[in-house]
Ligand code: CDP
């Protein structure tokens, strides 16, 4: 079974997907982490010929989506935490607007989904990567709620960004992701819309769990 989830930053996709993946034994693929990894390569190895660099990156997805490393330039680099910095967050939408990079990553994502039960999340999963998925969901929440959730992840960390900056980043990324020419973020016609404002993660994952159960019982 293929479950495809799209939505803007902070809509709760990653956490909900991890809950579903462990409950139903699905493979979890976080496609945002792949775009973030290419942003990391650009930041650390230069933006020149970034398409060629992206094609050379080999992804190592471990612990069912909880860990991501790449093999690049003869090195294995654990990016699990390195791609979650405000710097990478502010650069990734630019990388994600690159048509050639998207082509390379979409092909890899489609190959990961072959022949297994998968839950994949991102911005173009329901529309481009897995348009024939068994279940398609568009998750969202108000920008303030999404910024609050993101801000909470930084709580008690010494290098935490300011709330206003988190909100600004989310609004800017929403704008870039929804207005770009290449595979913009949008709700697929046949995707189920869930506004998670005011809902707990359990309530959201229960809703998606119900959709999976209904499909299984058919
Ligand atoms: O975790 P968060 O919601 O902040 O974002 P993410 O899922 O890690 O994705 C980071 C960025 O990658 C997004 O803002 C998009 O610009 C881009 N992205 C994309 O274009 N297509 C995808 N399938 C996944 C992510």
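The values are calculated or read from the model by the stated rules, or taken from the named source; none is laboratory data. All values derive from a computational prediction rather than experimental measurement. Glycine gets a Cβ as well: all are built from the backbone with ideal geometry, and neighbour counts include every protein chain shown.
If we scan region 1-9, do we find a residue that is more than 8 Å from the ligand (Cβ to nearest atom), part of a helix (DSSP H, G or I), surrounded by fewer than 24 Cβ atoms within 10 Å (Cβ to Cβ) and in contact (Cβ under 8 Å) with a residue 60 or more places away in the chain?
Initially, region 1-9 is screened for residues more than 8 Å from the ligand (Cβ to nearest atom), giving 1-5.
Cutting the leftovers down to part of a helix (DSSP H, G or I) gives us none.
No, that holds for no residue.
Does residue 157 count as surrounded by fewer than 16 Cβ atoms within 10 Å (Cβ to Cβ) and assigned to a helix (DSSP H, G or I)? So residue 157 fails the test.
Report whether or not residue 177 is in contact (Cβ under 8 Å) with a residue 60 or more places away in the chain, within 30 Å of residue 81 (Cβ to Cβ) and in contact with a helix residue (DSSP H, G or I) (Cβ under 9 Å, 6 or more places away or on another chain).
Numbers: in contact (Cβ under 8 Å) with a residue 60 or more places away in the chain: yes; within 30 Å of residue 81 (Cβ to Cβ): yes; in contact with a helix residue (DSSP H, G or I) (Cβ under 9 Å, 6 or more places away or on another chain): yes.
Against the criterion (in contact (Cβ under 8 Å) with a residue 60 or more places away in the chain, within 30 Å of residue 81 (Cβ to Cβ) and in contact with a helix residue (DSSP H, G or I) (Cβ under 9 Å, 6 or more places away or on another chain)), residue 177 qualifies.
Evaluating residue 151 against the criteria (1) in contact with a strand residue (DSSP E or B) (Cβ under 7 Å, 6 or more places away or on another chain); (2) at pLDDT below 95 leaves one unmet condition, (1). Does any residue of region 85-95 turn out to be away from the ligand (no atom under 13 Å from the Cβ), buried (at least 17 other Cβ atoms within 10 Å of the Cβ) and either under 27 Å from residue 158 (Cβ atoms) or modelled with pLDDT of 95 or more (or both)? No: region 85-95 contains no residue that is away from the ligand (no atom under 13 Å from the Cβ), buried (at least 17 other Cβ atoms within 10 Å of the Cβ) and either under 27 Å from residue 158 (Cβ atoms) or modelled with pLDDT of 95 or more (or both).
Of all residues in region 167-190, those that are over 17 Å from the mean Cα position of the chain (by Cα) and surrounded by 12 or more Cβ atoms within 10 Å (Cβ to Cβ) total 2.
If residue 154 satisfies every condition in (1) in contact (Cβ under 8 Å) with a residue 60 or more places away in the chain; (2) more than 30 Å from residue 51 (Cα to Cα); (3) within 13 Å of the ligand (Cβ to nearest atom) but one, which is the exception? Just one mismatch for residue 154, condition (1). For region 107-140, residues that are surrounded by fewer than 15 Cβ atoms within 10 Å (Cβ to Cβ) and under 19 Å from residue 191 (Cα atoms) total 3.
Criterion applied to 81, 76 was being more than 29 Å from residue 151 (Cβ to Cβ) and surrounded by fewer than 13 Cβ atoms within 10 Å (Cβ to Cβ), and the one residue passing it is 76. Of the set (1) under 14 Å from residue 82 (Cβ atoms); (2) within 15 Å of the ligand (Cβ to nearest atom); (3) within 17 Å of the chain's Cα centre (by Cα), all apply to residue 69 but (2).
Could you list, in sequence order, the residues of region 45-76 that are without any contact (Cβ under 8 Å) to a residue 24 or more places away in the chain and assigned to a strand (DSSP E or B)? Answer for region 45-76, where residues must be without any contact (Cβ under 8 Å) to a residue 24 or more places away in the chain and assigned to a strand (DSSP E or B): 58, 60, 62, 67, 69, 71, 75, 76.
For region 105-147, enumerate the residues that are assigned to a loop (DSSP other than H, G, I, E, B) and either at negative phi or in contact (Cβ under 8 Å) with a residue 24 or more places away in the chain (or both). Steps first, please.
Residues of region 105-147 assigned to a loop (DSSP other than H, G, I, E, B): 114-117, 123-124, 130-134, 141-142.
The answer is 114, 116, 117, 123, 124, 130, 131, 132, 133, 134, 141, 142.
Does residue 80 qualify as being more than 23 Å from residue 187 (Cα to Cα), in contact with a strand residue (DSSP E or B) (Cβ under 6 Å, 6 or more places away or on another chain) and at pLDDT 95 or above? For residue 80, the condition - more than 23 Å from residue 187 (Cα to Cα), in contact with a strand residue (DSSP E or B) (Cβ under 6 Å, 6 or more places away or on another chain) and at pLDDT 95 or above - is met.
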